[in-house]
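**Student:** Quick one: the structure is below, and I'll ask about it shortly.
No value in this document is a laboratory result; all are computed from the given coordinates. Worth saying up front: this structure is predicted, and the values here are computed from it rather than measured. Cβ atoms come from the backbone with ideal geometry, glycine included; neighbour counts cover every protein chain shown.
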Ligand code: BTN
């Protein structure tokens, strides 16, 4: 049974002229909604924060973040597990106010919004994070965080989602080596332990801020600025085949555009990409 403690009230209420503008539905057509202050629900041990949030989705409000000290059954993409010892951040955001984008883009928007929020948080610590499509954050050529978005659709439209993120914060080299892939942590990169709570809050706040910001063209621009491997050689293992070519950006649904040697364009929505980290 998980021990729970909820922290913090609340949404930020805009005041004065901004409140008046927001009260008028057509006044700011490009501003989807004001950002909320995150509500963090701190747990000790759960199987998976994504599973925990998904099972309680009806009871949890938009902007709730389920955070655990450790997970016993952390889930990664493509059926993989996510090693979750004490020292990392394991957090799942509840999204009930969908982003203003086509349903086909929603999963990519949510995943990359969280990945960028992680980058924002790591920037503040003086690190230089990059994104590897479709969901990874890397520092110094090694993975430091991954995102797993699980969306629910009703009538073809996104109705709600749980967006989970795992960040290696105070994870030591020995624990990282058990992941089986090159991985690093904030403490390893900076050479000293870090305050995981501050980073948790910063990432949650940046996620809601980015989600509430106008338009997803800005999101694509921010993603492309951070993305490694662009225009370079890439090998993508998809559920159906392996595609080799050059990564030529993202389409409007945040699918990876790969042009192969024969000049054919492949638009890939699901896959593991292998590219140069330069
Ligand atoms: C990946 O890179 O494969 C995605 C990893 C996502 C891990 C996080 S940890 C918090 C949340 N709960 C889970 O079970 N998974 C996500």
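**Student:** Which order results if 114, 277, 91 are arranged by neighbouring Cβ count within 10 Å, fewest first?
**Tutor:** 277, 91, 114
**Student:** Just to confirm my numbers, what's the Cα centroid distance between the range 100-123 and the range 202-278 in Å?
**Tutor:** Result: 12 Å between the Cα centres.
**Student:** Can you give the calculated 222 nm mean residue ellipticity of the chain, where each DSSP H run of n ≥ 4 adds -39,500 (n - 2.57) and the sum is split over every residue, rounded to the nearest 500 deg cm²/dmol?
**Tutor:** Here the helix-only value at 222 nm equals -8000 deg cm²/dmol.
**Student:** Over the chain, with a single point scatterer placed on each C-alpha, what log10 of the ratio I(q)/I(0) does the Debye formula yield at q = 0.07, 0.09, 0.17 1/Å?
**Tutor:** Log10 of I(q)/I(0), two decimals: -0.25, -0.42, -1.45.
**Student:** Treat the count of other C-beta atoms within 10 Å as a stand-in for reagent exposure and order 153, 52 from fewest to most.
**Tutor:** Going from least to most buried by this count: 153, 52.
**Student:** Now, a different point. With only alpha-carbon atoms in the gyration tensor, what are the semi-axes of the equivalent ellipsoid for the range 76-205, in Å, largest first?
**Tutor:** 27, 15, 13
**Student:** Above 16 Å lies some portion of the pair distances; for the range 160-278, what is it as a whole percent of all C-alpha pairs?
**Tutor:** Value for the range 160-278 (Cα pairs over 16 Å): 72 percent.
**Student:** Tell me, 138, 254 in order of fewest to most beta-carbon neighbours within 10 Å?
**Tutor:** Ranking 138, 254 by Cβ neighbours within 10 Å, fewest first, gives 138, 254.
**Student:** Moving to a separate point now. With N set to the residue count of the range 233-275, report its C-alpha Rg divided by 2.2 N^0.38 Å to two decimal places.
**Tutor:** My calculation over the Cα atoms of the range 233-275 gives 0.99.
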